[in-house]
1. Residue 104 versus residue 299, label points 7 Å from Cα toward the beta carbon: distance in nm?
2. Just how far, in whole angstrom, is segment 456-504 from segment 1-61 if you go by their alpha carbon centroids?
3. Straight-line reach only, C-alpha to C-alpha below 18 angstrom: list the lysines that residue 209 could link to, leaving out same-chain residues fewer than 8 apart.
4. Cross-link candidates for residue 136: which aspartates and glutamates have Cα within less than 13 Å, leaving aside residues fewer than 8 places away along the same chain?
5. Can you say what percent of the DSSP beta bridges in segment 208-317, counting only those with both residues inside, are antiparallel? Round to 5.
6. Among all cysteines in the chain, which have no other cysteine Cβ under 4.7 Å from their own Cβ?
7. Just list whichever of 320/347; 106/167; 66/225; 66/302; 66/320 have alpha carbons separated by over 25 Å in the model shown.
8. Can you tell me which of 116-125, 298-307, 467-476 comes out highest on packing, and rank the rest after it, using the mean Cβ neighbours within 10 Å?
Amino acid sequence: MASESKIRVRFAPSPTGQLHVGNARTALFNWLFARQKGGVNVLRIEDTDLERSEARYETQLIDDLKWLGLDWDEGPDVGGSYAPYRQSDRLEIYRSTADRLVQAQKAYYCFCTLEDLERDRQQALAENRQPIYSGKCRNLDPAEVQRRRHAGEAAAIRLKIPEHPIKFHDIVHGDVQFASESVSDPIIMRSNGVPVYNYVVVVDDAEMKITHVIRGDDHLSNTPKQVALYEALGLPVPEFAHLSTILGPDRERLSKRHGATSIANFRDMGVLPEALVNYLALLGWAPSGGARETFTPKELIKEFSLKRITPSPAIFDMEKLHWLNRHYIKQSPPERIHAIAQPFFTKAGLLPENPDAEIAQWFGRVVDLLAPYVDKLEQLPQRAAILFHFDPAAALANPENAEVLAGEKTGPVLQAFAAKIGNQFPVAPERFKEIMNELKTETGAKGKDLFHPVRIMLIGSHSGPEFDKLIPLLEEGSRLNLPEHVKSVRERVAGFMAARGQRS
């Protein structure tokens with residue numbers, strides 16, 4: 001058995017959808033706390049919502065957690081001292097515990113129908129009272145309860161809330177107190193025999209010896225019911241830390257309308273896991289240093305403290321995430337970025353499914369050239385369009401090129417460059433450099449007047465990669481058997497001059 005003195009935390013998602021930013025941050029903070037304290041991190045699957053829970057969501061959330069680099073010491077896939085770790089496998093535990101609470105007169109059978117409860121609720125609202133359960137079944141005669149139970153009448157089980165304020169300490173929010181009359185007697189087992197969340201979470205946390213419950217502050221209002229359950233069961237109450245809400249830039253709760261919110265979305269966009277982990281850690285938590293923003297997982301473990309979590313809402317800033325992603329793209333081994341980027345190019349029809357060694361080597365150089373300038377790796381095929389899709393007519397018509405194309409030196413530069421390229425194939429970088437120097441001497445053009453017209457002629461834009469890196473990629477790419485033909489320097493110059501002649 002695990003040591004009861006050891007810190008134990010749990011991440012307990014419901015497999016009813018994709019793992020989203022808020023839950024992922026909760027998983028991360030639990031992981032950081034456990035790893036820093038040398039404690040135990042537990043993964044528990046809360047799947048009592050049988051209608052919405054699906055095995056595919058459980059599989060995906062486990063894959064997403066592993067992709068983020070988070071691991072656990074106990075869980076449905078690794079076992080542990082307090083198995084099983086799926087709530088659907090623990091139903092008998094919940095039933096027997098509820099029976100014990102009834103026998104101890106800490107809970108009672110409630111025969112109220114949904115219609116009864118709704119009628120009472122409407123009457124309370126009409127009388128400006130709080131619409132909580134009236135407690136009408138709380139003091140039923142035991143003999144009547146037995147008779148109605150034996151007659152097969154449906155009954156839920158409710159917990160008796162004590163008639164004193166419910167208090168607990170929250171590491172983030174401080175001392176919290178709820179009046180007992182604001183809580184009312186909550187259902188712990190529905191009349192169909194299905195246990196409710198606020199009940200099973202306490203039974204599981206207690207049985208699994210969880211010492212710290214770290215979760216979103218949307219659970220703060222659930223906590224008094226859970227504290228009352230711990231007291232009814234005669235069990236120690238864990239320490240709580242409720243994490244702040246994550247909001248979008250408009251200060252509304254983060255949702256799909258703000259863009260990507262699930263871990264799978266970010267993964268599919270080409271956000272690196274270390275960038276996302278780094279960013280999630282900064283949502284509602286501040287390092288002791290203050291200004292520092294980049295942390296490896298090891299550095300986060302060393303620095304993390306529950307006491308530095310702020311109760312104020314955290315704003316999800318996509319630009320900040322993109323900044324971190326650019327940082328980690330530049331820090332990553334090139335081979336890793338090549339492997340992550342390749343499916344994006346294949347999907348865009350720019351690379352074959354299984355590129356040969358020559359294509360793979362060329363593709364790696366393309367990624368090395370462009371990756372430092374993207375926010376996420378899914379943007380690479382669009383960045384690479386300058387290599388794969390050359391449209392002279394569009395370059396000539398682009399308003400952003402108009403000023404350069406109308407320049408006094410542009411015509412002579414274009415004519416001289418086209419003449420010097422002639423039938424040269426391929427154009428070696430050294431020869432290209434010589435040609436540019438010759439143009440400078442012959443036309444008197446220099447700087448932007450020299451380089452911008454040539455760049456428009458080759459890639460359709462007056463800004464782009466350095467020529468010494470661009471020219472070899474164009475020439476070598478034109479000789480490869482790619483799904484989209486990469487036009488050589490000579491082909492581009494000929495096409496541009498033809499289109500320019502037609503335009504004039």
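1. About 4.9 nm separates the two model spin labels.
2. Each part reduced to its Cα centre gives a spacing of 52 Å.
3. Those lysines meeting the cut-off are 6, 37.
4. Correct list for residue 136: 116, 120, 185.
5. Rounded to the nearest five, the antiparallel share is 20 percent.
6. Result for the chain is 112, no neighbouring Cys Cβ within the cutoff.
7. Among 320/347; 106/167; 66/225; 66/302; 66/320, the Cα-Cα distance tops 25 Å for 320/347; 66/225.
8. Descending mean neighbour count gives 467-476, 298-307, 116-125.
No value in this document is a laboratory result; all are computed from the given coordinates. All values reported here derive from a predicted model rather than from experimental measurement. Note that each Cβ is placed from the backbone with ideal geometry, even for glycine, and that neighbours are counted across all protein chains shown.
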